[in-house]
Amino acid sequence: MVKLHEMILRDAHQSMLATRMRTEDMLHIAEKLDQVGFFSLEVWGGATFDVSIRYLNQDPWERLNKLKEAIPNTPLQMLERAMNVVAYRNFPDDIVKKFVYLAKKNGCDVFRIFDALNDLRNMETPMEAVKENGGHVQACLSYTISPIHTVDYFVEKFEKLSKMGADSLCIKDMAGMISPKRAYDIVKGCKDAGIKLEINLHSHSTSGMTGMAYQRAIEAGIDILDTAISPISGGTAAPPTESVVAALQGTEWDTNYDLKLLIEIRKYFLDIWEKYRHLHRINALKIDPSVTLHQIPGGMLSNLIFQLEEQGANEKYREILIETARVREELGYPPLVTPTSQVVGVQSVMNVLHGRYKVITKETKDYCKGMYGKSPAPIKPEIMKKVLGPKWRDEVIDCRPSDLLEPMWEKRKSELKDHDVEMTDENIMTYALYPQVGLKFLLGKAKAEFTSDELPLPIDHDLTRGMVRQSFPEHKQIWIETEPPESRSVTAKIPTEFEVEVDGEPFEVKVNPIGGYLVSGTSEEAKVTTKDMEGSVKSNMQGTILSIKVEKGNKIKEGHVIATIEAMKMEQEIKSDVAGEVKKIFVNEGDSVASGDILIQVI
Ligand code: CO
């Protein structure tokens, strides 16, 4: 008998709907999901924590709590990023331990723990914490293809994880590129080596060979497979649950799940899929066998598409996939999963937009220093030199990265006391993991992009337009609106449409009758015309200003760091391309800026 791990409430919508499924849309179907008898139901962790507070204005702890109440019989599972917890950087042991305690307390039973680099030192603390709190440790290895990642590599590491106290094991093929042969060889290798723990295969449909890989894994003795209810399956998401159940009926591996019940659940999620139509992305639905070369996981791929949209660089999509493969090799073949997928992905975007290693993110520097753990293969010296400078050898660490961190809980707790926030452990944790976004959320200042009642969003909503732009990129559109989006209620009576040429490129421009508020343009040209000023230093990316590093009157040189910005979930530096005295500062910390916005004036 094969068991299934159901991912519709976490990985599926993280892969296909930018992680935006709201708690209320999960609760309505919870009881039915509980009746199936899944090995476990994935409901938490991964990107869901971040997205809940950042875009949904929903408390992730409350989601876990409510789901636990609604799903009493099926073990609930979360994806835990080892020392990164549910964020993108390393945390000290005290935070990781406290987090595991709180997650267990609020309803999480199974903790799927992985480290992006498969550096087992990073998995010790969370694994021990789960055991201490009576949870189930599912220890994961991130799957990837490289000269380093042989079958023996996986078997040996799984043996070590068994000895470290794992309750079950998981091959985490986050990019959906495992081949039937590899799936068979790794599972068989583990079984032949005498590993007794149940083994789970996590994959995505991306490469098109996943169904075959699942079958071969079954033949090698796999115990658990990851699937998602069909309306949010396939493409960059997992293979469909109902299909796998149907395929195994009448065989020795029969799941014995009720297919009729699953089809009922399917109907519910068909409606959900339609409701969230503004998040549909054609590229995410396509089978992409080139994933075996570029190795970008489903969630990362859909985020990358969003980020390219924000940077107005959709047409660079293919180029960035190729650059990503190159950067990954240069950085020692890290598996591409959060946070290394962001490190490699964003650096690749920077390389394509600004020239190879001309803009280097803080995260790339940290990665090269060893702050995420040990890279699978050594990083090429010429890359180390480009990233860390000629004295790069002095900057590299050898210990477990979190050993360098001071305990953080008490500090964050006392900081939060200064704010008008209820001092629960869960709130303190939200703040500790996400000091800026978390605080904004806790203070009640976060805004939901949309609520479930507003769905589906109207065709002329900005977010729906984003979908159209991405799906039909050859048809570039600039919408010029009468009012800012929040207050838009008047429907234009006399809309006029123009075909204009900018630098020889045709654009369709729609002008509504009164005013001239530029809502969104997809072209660089459109942005340039909005602002121009002597000595202006502009943001070269879309994001949130984290800190401003200059004051009025400062004399600065070319290349001086004037601000840091959080773009594409990474912290990056913005440097001045002019020298002189800072005359004006146009932005505040916490401001959202677009690519091309003027930040300061230097004369
Ligand atoms: Co996944």
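The values are calculated or read from the model by the stated rules, or taken from the named source; none is laboratory data. This one's a predicted model, so the numbers in the text were calculated from it and none came from an experiment. For neighbour counting, all protein chains shown are included, and Cβ atoms are generated from backbone atoms with ideal geometry for every residue, glycine included. Quick note on the areas: whole protein, heavy atoms, side chains included, nothing else; ligands and nucleic acids left out. Shrake-Rupley method; radii C 1.70, N 1.55, O 1.52, S 1.80 Å.
Observations on the structure shown:
- Once backbone amide H atoms are built at 1.01 Å from N, residue 332 has 380 as its partners under 5 Å, excluding neighbours fewer than 5 places away on the same chain.
- Cα gyration tensor shape for segment 247-321, rounded if a/c is under 1.5, else prolate or oblate: oblate
- Across the cross-link table entries 417/583; 386/440; 316/365, which are compared at the Cα atoms, the separations over 26 Å belong to 417/583; 386/440.
- A 1.4 Å probe run over the chain, with the rest of the protein chains in place, finds 41 Å² accessible per residue.
- Only protein atoms count toward the accessible area here, which uses a 1.4 Å probe; on the chain, the carbon and sulfur part of that area reaches 51 percent.
- The lysines whose alpha-carbon is closer than 17 Å to the alpha-carbon of residue 157, local same-chain residues fewer than 8 away aside, are 172, 188, 191, 196, 374.
- A straight Cα-to-Cα reach below 16 Å connects residue 98 with the lysines 131, 411, 413, residues fewer than 8 places away in its own chain not being considered.
- Ranked by the mean number of other Cβ atoms within 10 Å per residue, highest first, peptides 541-549, 104-112, 412-420 order as 104-112, 541-549, 412-420.
- Rounded if a/c under 1.5, otherwise prolate or oblate - segment 332-475, Cα gyration tensor axes: oblate
- The separation of segment 399-434 from segment 135-186, counted between C-alpha centres, amounts to 33 Å.
- Peptides 459-467, 228-236, 275-283, ordered by how many other C-beta atoms sit within 10 Å of their residues on average, highest first, read 228-236, 275-283, 459-467.
- Under a model in which nothing but the beta-carbon of Lys, Arg (+1) and Asp, Glu (-1) is charged, the chain shows a dipole of about 1060 debye around its Cα centre.
- Set of lysines near residue 275 by C-alpha distance (under 19 Å), chain-local residues within fewer than 8 positions excluded: 267
- Helical mean residue ellipticity (222 nm; -39500 (n - 2.57) per DSSP H run of 4+; nearest 500) of the chain: -11000 deg cm²/dmol
- For segment 43-132, the square roots a ≥ b ≥ c of the C-alpha gyration tensor eigenvalues yield an a/c of 1.5 or more together with a/b not exceeding b/c, which makes the shape oblate.
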